[in-house]
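The values are calculated or read from the model by the stated rules, or taken from the named source; none is laboratory data. Here the structure is a predicted model, which means the values were calculated and not measured. In this analysis, Cβ positions are derived from the backbone assuming ideal geometry, glycine residues included, and neighbour counts consider all displayed protein chains.
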Amino acid sequence: MTNLRLPIADFRNPTLETRNFKKTPPAGGDQFRFSNFDFRLRQSAIGNRKPAISGRAGRWLRRVLIAVFLVLVCVGSVFYWRPLWVIDEATRAWLRMAGVRSEYVQLGSYRIHYLVGGRGRTLVLVHGLGGNAQNWAALIPPLMRHGYRVYAIDLLGYGGSDRPDVDYSIALQAEVLNQFFESQHLSLADVGGWSMGGWVALKFTLAHSERVRRLFLADSAGIYFQLPFSPALFHPATVEQAEQLLTWLTPQAALIPRFVARDLIRKMGPTGWVVDRAMRSMLTGADLLDGKLEAIAAPVFIIWGREDRLIPLHCGEEMHGEMPHSVLAIFDGCGHLAPVECEDRVLPEILRFLG
């Protein structure tokens, strides 16, 4: 086991660590005998038409400019009041253009939404608390281009999946992931988990090691640490609370406009009670993995943003210490959102690890 700082060594050894005018002749009473005068008259007539042509073009241009201005005002207003909705819709359209499909599957009594695209080796991605499959949007198309069939699941209670009256424990989500594997006939896959999704992926790997070829974790939860904030932070009710949450998620929070923080409250509203219930379950400690991770034999790549305030770096170091075939990669200048904040550095290392 080695604690590694980038650049990372060869991952193939599992123990190592982007429009004619038609001329009209004059009326009969207006004929002239002198051809030169007739010529000048005709030239004058043609010349006198130019202002009329220019007037039509000017009116047309003004109408176009007014229409463009009104469209821009409408788009700007929508973006100001619903910036995250605009971003989400643009992301969905981009993913569709990249060949990613939005699908549903029935797992027992639960209807689960997921994204899928690509051909090749299977990779299953699991999002974090309060998130959804689209959180992986920046990584999915490039992973597809590198020969992976990528599945990104909306965990139970999140995104487009059902929100039943259950405890939303890590154990339940790991079983949902197992049933998803069965529904897609996935006997063996690479798995990636981010934050709470890393915890779910670890729990799944411990229970179904035969189904996991390689595992990568991004700023993963799963082992005990003292929570330095109130759990209510994950369900903000005011703009100030939303801004506070952003400061825990990213060191770039000061660059995020206040109207985005305001819209975050709206976006998280439908799943707020799910997040609260999941947090209550996690805080019981029933699904903590301290002392259990050494049983994971699959190669593990642990990604951590050095500036992560939400889940401190020492958690990644402890996980690395427990897993015999793990590599820890620490990315300077990144926070809890390292896979998107530092995609240009994180993605190449993920691809290298997966081989």
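Some points to look at:
- Single match in Leu115, Leu125, Leu84, Leu107 (criterion: of a type outside the set (D, E, K, R), surrounded by 15 or more Cβ atoms within 10 Å (Cβ to Cβ), at pLDDT below 95 and within 22 Å of Val274 (Cβ to Cβ)): Leu84
- Residue in the stretch 181-189 that is under 19 Å from Val105 (Cβ atoms), part of a helix (DSSP H, G or I) and charged (D, E, K, R) present: yes
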